[in-house]
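Encoded as structure tokens, the structure appears first; notes follow it.
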């Protein structure tokens, strides 16, 4: 990791204590292109975060520099079935084949959020957070905007682009990852 940047593990209780800092980071990350999140969507971050913090097995990492939150990644272990009941989960479930859906359930890790302050992007912080977060897991998955700079990072990092879909008119792409020891020989 870069000099002056510390990374530490976090759980739901610890991360929940920093909701205002997370919301500020979220706004810095998602008000710019390609996201252009609406005021309504930005205002809903706290409720979405609360829902995420309540997931079983929730965990993550935070990156700080001089006491300022500059990045985070968090998620939880996937369940036995592909989730449903909200716009995102329903759109994802409708977009994937049964073969892909099988890669999105246990023992996979759901990477719900990866954010790096735009002023600190392109320095390997996101890659380091993601690598550390997925370490020890046999598989993981995440979704992002297809034009997000992070999409290129995922491709370069060995993540497989599975399918494109929309959530409330926002284009998304699903990426899956398997640990090197889980890959079948060619």
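Readers should treat all values here as calculations from the given coordinates under stated rules, not as data from a laboratory. Here the structure is a predicted model, which means the values were calculated and not measured. Quick reminder, even Gly has a Cβ in these numbers, built from the backbone with ideal geometry, and neighbours come from all protein chains shown.
For the range 33-78 versus the range 82-154, the inter-centroid distance based on Cα atoms is 13 Å. Taking packing as the residue-averaged number of other Cβ atoms within 10 angstrom, the listed peptides 137-148, 106-117, 170-181 run from highest to lowest as 106-117, 137-148, 170-181. Computed on the Cα atoms alone, the convex hull of the chain gives a volume of 122 cubic angstrom per residue. In percent, rounded to a whole number, the relative contact order of the range 50-178 is 23, using alpha-carbon pairs under 8 Å and six or more apart. In the chain, helical runs assigned H by DSSP with n ≥ 4 each contribute -39500 (n - 2.57); averaged across all residues and rounded to the nearest 500, the mean residue ellipticity at 222 nm is -9000 deg cm²/dmol.
The calculated FRET efficiency for the pair residue 147 and residue 18, based on their C-beta separation and a Förster distance of 35 Å, comes to about 0.75.
FRET efficiency for the pair residue 68 and residue 99, taken as 1/(1 + (r/R0)^6) with r the Cβ-Cβ distance and R0 = 45 Å, rounds to 0.60.
In the range 109-144, whose amide N lies under 16 Å from the spot 7 Å out along Cα-to-Cβ of residue 27? List them in ranges. Label zone hits: 117-119. Here the translational diffusion coefficient of the range 25-119 follows from Stokes-Einstein with Rh set to the Kirkwood radius across Cα pairs; for 4 °C and 1.567 mPa s it amounts to 87 µm²/s.
Figure legend: label point modelled 7 angstrom from the Cα of residue 164 along Cα→Cβ; residues of the range 94-114 with amide N under 16 Å from it are 95-96. Taking 0.36 nm per residue of sequence separation and removing the Cα-Cα distance, the residue 8/residue 81 pair yields an extension gain of 23.3 nm.
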